[in-house]
Amino acid sequence: MADEPRNPAAAHETIGQLIDELQALRASAGDVSYGEIAARIVRRRTHNGVPAGRTQIARSTVYDAFRADRRRLNPSLIGEIVMALGCSEAEAAQWRERCIVARPAARNPVEEGVAPIPAAEQLSVPELTRTTIWSRLPPPRPDWFVSAALIAASVGLNLFGTVLVLKYNLPVFLDMIGTAVVAFCVGPLAAVVVAIATSALASLATYPAGFVWVLVSITGALVWGFGIHRWNMARGPGRFFALTLLSAVACTIVAVPVGITVFDGRTEHILSSEWFADLQSAGTDMWFSGFVSNIGASLPDKLISSYLALWVAVTMANSLSKRMPAVSAGRTESFG
């Protein structure tokens, strides 16, 4: 019986069960991001003397290994992933063996002799939706062409939002929706590029001194980008909502000194300026007036930006997951 696996129970495992266990291992290791897992694999390969041309692995390749709908597993890759998550060489060998003998989930449970799940135990559509949304974040990074197109479109979206606010005197800013989209879908550094490009073009079209507001946009780009890709703040609705609040407060903390020292509390955002003036007339402290008038617009603005970006990111993740092999092949993270 030399052909039988050393672990008899492994012969009865499905790929889906292995993926569930792999996800649980990742969660127990601290919800390590896919990018960090890829970086650890690269470091281990380099340490083991793998030739430089073969050390790289795309973050999307790691993401693909965790997909619940897989029909096949790469035993070598799974072994590298579990070691990146803290498993020993011996444990990794067991994972590789289990991958070899694991079978795909039954396409038709009745035909394959597996009892179907009772209706009472099946997840409802809202439960499935909630699970899918948060398991899709952060999405796999698109290739350079899609990333460049997304950056250009996001700059245009930011400028459109700016014009909309100025024309209709809206109580929000709407100049960072595109920044949030790129921060979620590509990464913080690419989002900084969007922030700088938006501020440069907007200041050229209005007044050069307004470029100083780029500091606020960069702050939002970094908070959103690192929040999604490094701080694991997209692991559930509560943590994501906290990220939206954090982005609003961080932007306000940067915006208030700029608004007061450079513009005396008055900016092109008419409603914020009016709120600031009203608070000053009531005798409140200048810095307190600046914080309250700015956060009053920043909170709803960042909620709108964050949740629109969430929708775009999940949509992109669903699209890329369908063509993951083409996206993954030979690509590394280029935007950080």
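If you go through the range 138-186, how many residues are more than 15 Å from Ser319 (Cα to Cα), in a loop (DSSP other than H, G, I, E, B) and open to solvent by less than 10 Å² (accessible area, probe 1.4 Å)?
1
On the basis of being closer than 29 Å to Ser289 by Cβ, surrounded by 17 or more Cβ atoms within 10 Å (Cβ to Cβ) and touching a Leu at 6+ places or on another chain (Cβ under 7 Å), does Gly210 make the cut?
No: the conditions fail for Gly210.
The values are calculated or read from the model by the stated rules, or taken from the named source; none is laboratory data. What you are looking at is a predicted structure, and each value in this text was computed from that prediction instead of being measured. Methodologically, a virtual Cβ is constructed for each residue, glycine included, from the backbone with ideal geometry; neighbour enumeration extends over all protein chains shown. Ligands, DNA and RNA are stripped out before the accessible areas are found, and what is left, the full protein with its side chains, is counted by its heavy atoms. Shrake-Rupley method; radii C 1.70, N 1.55, O 1.52, S 1.80 Å.
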